[in-house]
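Here's the structure we're looking at; comments come further down.
Rule-based calculations on the coordinates, nothing more; no lab input. Note that the structure is predicted; figures quoted are calculated from it, not measured. Cβ sites come from the backbone with ideal geometry, for glycine too, and all protein chains shown count toward neighbours.
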Amino acid sequence: MSGGRLQRAAWLTASVLLASACTPPPLANPPPADRFYWPGGIAHAAGIGEGTLYVASTNFDKRYDRGLLTAVALDAVGLPPLGGSGDLARLEDLKLGSAGVLEIQSFAGELAAWPMDGGVRLFVPSRAEGNPLQYADAAGAVLTCPLAAEGRPQDCYTRAPSLIAAATSTSGVPRAPAPLGVTVSVDGKVYVTHVQGADSPAGSGQATRAYVVEADAQAPEIRPSLLSEGGSFLELGAGGGHAAVATPRWLYVTGRYVSSNGGELVRLVDRVTPGVVRSTGLEGAFRSLEARGLMVTDAGAASDVRRVFVAGRSPDVLLEAVVTAADSDAPALSVVRVVPLPSQPSAVRALPRPGGAPLLAIPCTGAGKLVLYDAEVEALVAQVSVGQQPYDVAVAARGTGARMYVSNFGDGRVAVVDVPNLSMPGEARLVGHLGKSQLCLVTPADPSCAGGGR
């Protein structure tokens, strides 16, 4: 057996051993199952009525033993009609069933949903112990763990594949610590980014490098031959990664630390030719110290021209670039616009608007706002105060309008924002909050901190 195959076999053996670990004991300090706790990644699945909302509670202060993945049947919670003009709805009772709550590792990252027969498959990486890539199957508000721990059907983390278990070589790389961003391509490939580079040798703090990891959405196991000869860990270089979007030819990846050892705003990973990573050179036209959220137009279809939108920090901006020869061997990106944003933009999500230029929803964590950018008029058209530290947003199309769900990391709730008519996005307004408020960010001893804890 060759050295590369031996290393891959050793990694897979380690994963199997991890998956077959003995039955874990019940949690001594379980998280509260009736609320969100430091909510982060969020996703929405359409269905009859309002559909289902999926939220990853990060347990960011580690007050409890684990985080949670929660499914909310939106028809059950009493949401107001789209664009309703009544008082702000405060919907603290999430009407959760026992089948709608699963345990995940703390410090969860983004949440990605991939459509399957009868529902969706949800992927959520975590940056805590083991750095697992967790996944669950959802049929409406019923969640199941395909790799649940023996005797613990709600445990989605014990048997999840670890993204640092690949440290089988003398150098200790490749490894993929601190996984955060996750996306699923139309053809069912899962891509995970990492905000922290792996060092070589492990623990040295030297020769750090970042990776993108690929997995199969239908059978989420590391695929050791798809991205590079050395394994499924494709090296990006320095600076770490944050968000990713897959097109048929290229995977777009933003850089978390652009100023660190040659990090870049956006890199392109070739999904056809293994091992190829292209620099976009965008930081040569505009310098930002961090790139966070990302949106690429027509991501699921082949295209000669695309537009790329990047949320940058320091300064806080929305950067717009045009990609020509987008699906060729040599795509070219050029900056066309830089729009100032409120403090600390974190994600960029598209509101479906057929036949028109994109309408983008951008949560701005530091400002406590959800802003809407209209690429048709090249301007911000709405700024809605939603709560403390909005982090991510899920969009639900509603006829000629849309409803947005914003995870408020800092106050433990999900804000509900309506745009009744997408041709008039300036009329966006906050219509309600889901979940119980918690103020642990400001006052850790506050009674709203979900009670109990350590």
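Using just the alpha carbons, could you tell me how many Å³ per residue the convex hull of the chain encloses?
138
Can you sort ILE164, ILE362, ILE48, ILE104 by how many other beta carbons sit within 10 Å, fewest first? Don't skip to the answer; put the middle values down first.
On the way: ILE164 19, ILE362 27, ILE48 8, ILE104 32.
The most exposed by this proxy come first: ILE48, ILE164, ILE362, ILE104.
Among all the aspartates and glutamates, which ones have a C-alpha under 14 Å from LYS95's C-alpha, if same-chain residues fewer than 8 places away are not counted?
Correct list for LYS95: ASP34, ASP75.
Using alpha carbon centroids, what distance separates the range 116-165 and the range 390-432, in Å?
Cα centres, the range 116-165 to the range 390-432: 27 Å.
Taking each pair of different alpha-carbon atoms in the range 37-183 once, compute 1/r for the pair, average those values, and report the inverse of that mean as the Kirkwood hydrodynamic radius in Å to one decimal.
Kirkwood radius, the range 37-183: 16.1 Å.
With charges set only on the Cβ (+1 for Lys and Arg, -1 for Asp and Glu), what does the dipole of the chain come to about its Cα centre, in debye to the nearest 20? Walk me through the numbers before you get to the answer.
On the way: 36 positive and 40 negative charges, 103 e Å.
With Lys and Arg at +1 and Asp and Glu at -1, about 500 debye.
Once label points are set 7 Å from the Cα along Cα→Cβ at both THR400 and GLN206, what is their separation, rounded to one decimal in nm?
Label-label distance for THR400 and GLN206, simple model: 6.6 nm.
For the range 87-112 and the range 338-372, what is the separation of their Cα centres, given in Å?
Here the answer is 23 Å between Cα centres.
What ³J(HN,Hα) values, in whole Hz, does the Karplus curve 6.51 cos²θ - 1.76 cosθ + 1.60 give for the range 138-150 when θ = phi - 60°, with x put for Gly and Pro?
10, 10, x, 8, 9, 10, 9, 9, x, 10, 4, 5, 4
What dipole magnitude, in Debye to the nearest 20, does the range 56-194 give about its Cα centre under +1 on Lys/Arg Cβ and -1 on Asp/Glu Cβ?
For this selection, approximately 380 debye.
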